[in-house]
Amino acid sequence: MMRWMVAVAAAALAGCASMDGAMKVPDFQPGKSTAQDVANQMGKPALVLKRPDGGTVQYFTTWPFGHATYAVTLDAGGVVRGVDQRLTQENIESIKPGMKRDQVIEVLGPPRQETNEERQKLNVMEYPWMQGNREARLHYVRLTYDNVVHDVKDLHDQVAQPENH
């Protein structure tokens, strides 16, 4: 009985993401699905950004073990307008020095973690992602203390795929 209760609790805590970070790909119909449908399938978003038109973009991550961030765009009436995976090659490559932190988050979503490099006076945002659905990568966006992208680094994720070094 105790094992069953632990399993149910773990499943509830996991929400849409499993222990390996897999998340069911959102299956919403733009123009038809609603904010309630999103909440029922995806749970609580990691981040919600308000749009100038009164709508929102809700970000759902597969952290700590996954490599995906899904963005669900809702109009002011709470109807789904679009769904996309943000941690793509194209989006990763679009992050350039000089961009503002808010622009990075709008494109990629919230980082898995943020750290501070005091010696270099930089903040670092970390994004794990999959290159071509086969190679685990870590994308680091390093920002100056005034929240401007200083540089970016993209490395193989040795923890997720130690055999591919």
query: Ordering ARG81, ARG112 from largest to smallest accessible area (1.4 angstrom probe), what's the sequence?
result: ARG81, ARG112
- prompt: Label-point separation (nm) for ARG119 and ASN133, each offset 7 Å from Cα along Cα-to-Cβ?
  reply: 4.1
query: How would MET99, MET42 line up by accessible area, probe 1.4 Å, largest first?
result: MET99, MET42
- request: Report, by chain and number, residues whose modeled amide H sits under 5 Å from the one on ALA46, excluding near sequence neighbours (fewer than 5 apart, same chain).
  value: TYR59, PHE60, THR61
message: Treating only the Cα positions of region 32-165 as identical point scatterers, give the base-10 log of I(q)/I(0) from the Debye formula at each q in 0.10 Å⁻¹.
response: -0.36
task: Rounded to the nearest Å, what's the spacing between the alpha carbon centres of region 111-165 and region 56-74? Just the number, please.
output: 17
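The values are calculated or read from the model by the stated rules, or taken from the named source; none is laboratory data. Worth saying up front: this structure is predicted, and the values here are computed from it rather than measured. Because the Cβ atoms are built from the backbone with ideal geometry, glycine has one as well, and the counts that use them run over all protein chains shown. Heads up: the accessible areas ignore ligands, DNA and RNA and are worked out on the full protein's heavy atoms, side chains in. Shrake-Rupley method; radii C 1.70, N 1.55, O 1.52, S 1.80 Å.
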